[in-house]
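Reviewing the structure listed below.
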Amino acid sequence: MSSKKPEQYDLFSRPPGAPAPANAPAPAPETAPVDDFGDPPFFPDEEPPPIDLLDATQQKIIAPQQPRIYGVSDVVRLASRALEARFGDVVVEGEVCNLKAPGHLYFTLKDADAQLPAVMFKTAAQRLKFRLADGLQVRARGRLAIYDAQGKFQMYVEQVEPAGLGALQLQFEQLKKKLAAEGLFDESRKRPLPFWPRRIGVATSASGAAVRDIVRVATRRAPVKLLVAPCLVQGEGAPLDIVRAIAALERQADVDVIIVGRGGGSTEDLWAFNSELVARAIARCRVPVISAVGHEVDFTIADFVADRRAATPSQAAELAVRVYADLAREADDLRRRLQRAGTRRIGDARLRLDGELARASLIVQRSMDLRRRSIGQAGERLQALHPRARLARDRAILVDLERRLRRPLPDRVARAGKLVDQLRARLDAAMQQAGQRRRRAFEAACGKLDALSPLKVLERGYGLVRGADGKLIARASEVAPGERVGVRLARGSFTATVEKVDKDGD
């Protein structure tokens, strides 16, 4: 049994016998190539020729042939050709470091023991499906050569794939981390769905199963209006087409919610919904957006940014449209509950009103009895006094009291309310007058204080004179000729020297 291990193939390699790619360089010949000077190229792993040669027949030392002298460019070109002949198509795995991206990508591939400079030209870098960054473990495919201008050994990279995660998965994780850091996934920015949308916008393929499922489920649940904006849902131009469809639906004034999605498929089929363009279009949409991409196990960037995520397009229709029959039953139940609650509250209110009326009637009855007894006692006293005029006046007073007693209570409350309003108005007026008086007194005091200010005196041409010790000088005898004094005016100050002292007014 052969002990040879089975060959392993990575993403870039091809099995033996498979045709070489169109852009792959020609394989190295089995015999060593000959350069333009007629000499075979020198490889480091070959044994160098001996310095001296011994002729066995003549037993003498024969001087070796003198080596050919090469120009620097010739040596560099020959070495580069030798590298390309042996390493014209190679895959190197290592960690990216020292990445620079002025247009082309310049970086270094390294492992624990060595480093390899590499360059990836702009046209090849534009085909990358993820963002190259320091620290990534990658597999780079290209050719080894020497940069003639600097004699620098480096690798010219044509393709790069992550050594761990796939390119699409890495791109997904990088974009997810970026948008999460910007807050596009925060629950606080997500809006609730409308209870009963006037019209539902749908951004999906017009020929796919998703739009049929949405229309079927939505119209079965309730008589709603749908507006479909057809767009590509996979392929290179799909992200921009989805963004246009969302913008077109958003411009419709009666569209209250938008469903964006498609049916199931492979990761590549669903990749349009992992686009940053689509994510930002969903985030800035003025109406709530439901993401319905693929099946329940599929998650895209659009799902994280959208206001609601639906596992399937059918579930998105269920989230956007309530069942009309359920709402009708709920409305009937609420109407019955409202009627029962209203009847119960009316009954309770009637019982409370009857109790209040009974208590009020009892109070009025007692008051009437007291007034009646008082009137009876007054009549007895009048009858005892016998003056007819006084009896007539008292009878009129009694009639007025009885009339006032029979007057409804709300009239008295209204009069009391008017009195309170009048007192409040008088209080407000008094407070305003008092405030004005205090303000005028304060302004007068400020005027007096300003008039007595020393600064006002200085503005009339007076000055403050201070001696060398800083004390104010009020008498001429406090200074002597030749002494320096400071003079403070209303605007600024200066220093003067005393030339003469007149003490007559001292």
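The values are calculated or read from the model by the stated rules, or taken from the named source; none is laboratory data. Keep in mind it's a predicted model, so treat the numbers as computed, not measured. Reconstructed Cβ throughout: ideal geometry from the backbone, glycine too, with neighbour counts over all protein chains shown.
Of all the residues in segment 220-238, those that are closer than 15 Å to Glu318 by Cβ and either of a type in the set (A, V, I, L, M) or surrounded by 16 or more Cβ atoms within 10 Å (Cβ to Cβ) (or both) number 4. Within segment 217-247, the set of residues being without any contact (Cβ under 8 Å) to a residue 24 or more places away in the chain and not acidic (Asp, Glu) comprises Thr219, Arg220, Gly237, Arg244.
Only residues that are among the polar types (S, T, N, Q) and not in a strand (DSSP E or B) were counted across segment 99-157, and they come to 3. Set side by side, the residues Arg309, Arg352 differ, and just one is of a type in the set (Lys, Arg) and under 30 Å from Phe299 (Cα atoms), which is Arg309.
The residue list Val215, Val138 contains one member that is β-branched (Val, Ile, Thr) and touching a Pro at 6+ places or on another chain (Cβ under 7 Å), which is Val138. On the given criteria, is Ser291 at pLDDT below 90 and buried (at least 19 other Cβ atoms within 10 Å of the Cβ)? No: the conditions fail for Ser291.
Would you confirm whether any residue within segment 321-344 is among the polar types (S, T, N, Q) and either touching a Cys at 6+ places or on another chain (Cβ under 8 Å) or not assigned by TED's automatic domain parsing to the domain that holds Ala210 (or both)? Yes: segment 321-344 contains one or more residues that are among the polar types (S, T, N, Q) and either touching a Cys at 6+ places or on another chain (Cβ under 8 Å) or not assigned by TED's automatic domain parsing to the domain that holds Ala210 (or both). For segment 144-173, the set of residues classified as of a type outside the set (A, V, I, L, M, F, W, C) and surrounded by 14 or more Cβ atoms within 10 Å (Cβ to Cβ) consists of Tyr147, Gln154, Tyr156, Glu158, Gln159, Glu161, Pro162, Gly166, Gln169, Gln171, listed by residue number. Examine segment 267-285 for a residue that is in a loop (DSSP other than H, G, I, E, B) and within 18 Å of Ala316 (Cα to Cα), and state whether such a residue exists. Yes, some residue in segment 267-285 is in a loop (DSSP other than H, G, I, E, B) and within 18 Å of Ala316 (Cα to Cα). Filtering segment 285-302 to residues that are without any contact (Cβ under 8 Å) to a residue 24 or more places away in the chain and of a type outside the set (A, V, I, L, M) leaves Glu296, Phe299. Annotation note: of Val217, Val260, Val243, the sole residue that is more than 22 Å from Val297 (Cα to Cα), of a type in the set (A, V, I, L, M, F, W, C) and surrounded by 15 or more Cβ atoms within 10 Å (Cβ to Cβ) is Val243.
Within the option set Ala163, Ala209, Ala203, being more than 19 Å from the chain's Cα centre (by Cα), of a type outside the set (Asp, Glu) and over 20 Å from Arg309 (Cβ atoms) holds for one residue only, Ala163. Per the listing Arg189, Arg198, the residue uniquely loosely packed, with under 12 Cβ neighbours inside 10 Å and either free of Cβ contacts under 8 Å to residues at least 60 places away in the same chain or under 20 Å from Val278 (Cα atoms) (or both) is Arg189. Does Ala317 qualify as being in the same structural domain as Val260 (by TED's automatic domain parsing) and under 25 Å from the mean Cα position of the chain (by Cα)? No. I'd like to check something: does segment 360-381 contain any residue that is assigned to a helix (DSSP H, G or I), modelled with pLDDT of 80 or more, within 60 Å of the chain's Cα centre (by Cα) and farther than 30 Å from Ala222 by Cα? No, every residue in segment 360-381 fails to be assigned to a helix (DSSP H, G or I), modelled with pLDDT of 80 or more, within 60 Å of the chain's Cα centre (by Cα) and farther than 30 Å from Ala222 by Cα.
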